[in-house]
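Working notes, structure below.
Derivation of every value follows stated rules applied to the coordinates shown; laboratory data play no part. These numbers were taken from a predicted model, which means no experiment stands behind them. So basically every Cβ, Gly included, is an ideal-geometry build from the backbone, and we count neighbours across all protein chains shown.
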Amino acid sequence: MSVERGKQQATRFFRLAAIGRARLIVPLPVIAEWWRGRSDARDEILHATEVVASVAAAQAAGIALARMREIDSKRTIDAMVMATAALLDGVVLTGDIEDFAALRTHFPGVAVLAA
């Protein structure tokens, strides 16, 4: 996650979440992808994060991937992030903004910000 790498924008959101001024919501599959390279900061970050498992987000992500004719595990995770943000009226904060470009067609109401 960008906050773990000390990215300024992500760190700001993390601080806001720590004092109850923002919600950091992460789809469950993202945790599996992120947890591969464990660090000491992960427990603190996870504690400030609301992890969600949403069938509706998984369905929306699957529809977007089918329309894109895309079968790729990384794209699947990104689609889950976008679908979750769309369903919860959220914003995507990412260090890899270009990875979400193709998905914006399927989730036009989701703002994607650089971390």
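A few points about this structure:
- Taking the charge dipole of the chain about its Cα centre, with +1 at Lys and Arg Cβ atoms and -1 at Asp and Glu Cβ atoms, the residue from 27, 100, 63 reaching farthest to the positive side is 100.
- Between amide H atoms placed 1.01 Å from N, distances below 5 Å from residue 26 occur with 50, 51, 52, all of them 5 or more places distant or on a separate chain.
- Between helix 8-18 and the chain: long-axis angle, C-alpha atoms, 0 to 90°, nearest 10: 70
- Degrees, to the nearest 10: 55-68 long Cα axis against longest axis of the chain: 50
- Short-range pairs are left out: with C-alpha atoms under 8 Å and at least six residues apart, the relative contact order of the chain is 25 percent.
- Relative to the longest principal axis of the Cα atoms of the chain, the long axis of helix 73-87 makes an angle of roughly 80 degrees.
- Over the chain: Rg over Rh, Cα atoms, Kirkwood Rh: 0.95
- When 11, 105 are sorted by how many other C-beta atoms sit within 10 angstrom of their C-beta, beginning with the fewest, the order is 105, 11.
- Only DSSP H runs of four or more residues enter the estimate; each adds -39500 (n - 2.57), and after division by the residues of the chain the mean residue ellipticity at 222 nm equals -14000 deg cm²/dmol.
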